[in-house]
Amino acid sequence: MSLCLKQSLAKLEKLSPGKLHQTNARIRAELGGAEWKMGICLLAMARTKGFRKLGYSNLTEYAEKALQLSGKKAGCLLGAARALEDLPLMSEAFRNGKLCWGKLRALQSVVTLDTEAQWLEYASRHHTDQVVRKVALSPSQWKRQRALAAARACSPI
């Protein structure tokens, strides 16, 4: 075990359970903020094609080689950033650590500007696995949602 790890662990083990929980909660919020920042940075890099100027052929190659970030994680962060552009309440909740990564991933495909507040309320009262199950659509629900989206866009499915 490294000396730094050993010293950090020793300090944490001296904290009361309440203080240790506060530390965990603070770090959890910071993690959400870091993922929010990484997502928008990746979105900016994608839009400006900055990865090409740095010598990479695509954003995935850039993420994997330059950032040591898996292509899957980069794609998820990029997709989340794109979704959050139109969802200010969710964006702020994720940035502040009030909405965790798992819930954001589940919600980003079903939340609209009109339903954002209700979904955030639901997510705040339920565990991630419950949110995931709630947004999972049956085939008939999926067809209904697609038909509704097409009707709003005034275009055929």
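The values are calculated or read from the model by the stated rules, or taken from the named source; none is laboratory data. Quantities reported herein were computed from a predicted structural model and do not represent experimental measurements. Positions of Cβ are generated from backbone atoms using ideal geometry, with glycine treated the same way; all protein chains shown enter the neighbour counts. Remember, those area values only see protein heavy atoms, side chains included, never the ligands or the DNA or RNA. Shrake-Rupley method; radii C 1.70, N 1.55, O 1.52, S 1.80 Å.
Taken over segment 22-76, the criterion of being of a type in the set (Ser, Thr, Tyr) and assigned to a loop (DSSP other than H, G, I, E, B) is satisfied by Tyr56, Ser57, Ser70. Return yes or no: is Arg52 closer than 30 Å to Thr115 by Cβ and open to solvent by 60 Å² or more (accessible area, probe 1.4 Å)? No.
Picking from residues in segment 102-144 that are small (Gly, Ala, Ser) and assigned to a loop (DSSP other than H, G, I, E, B), the one that is modelled with the lowest pLDDT is Ser138. Exactly one residue out of Gly71, Gly97 is open to solvent by less than 50 Å² (accessible area, probe 1.4 Å) and either out of contact with any Ser or Thr (no Cβ under 9 Å at 6 or more places or on another chain) or within 29 Å of Leu148 (Cα to Cα) (or both), and it is Gly97. Screening Asn58, Asn96 for residues that are polar (S, T, N, Q) and closer than 27 Å to Gln130 by Cα leaves exactly one candidate, Asn96.
Does Glu116 meet the test of being open to solvent by 20 Å² or more (accessible area, probe 1.4 Å), of a type in the set (Asp, Glu) and without any contact (Cβ under 8 Å) to a residue 60 or more places away in the chain? In short, no.
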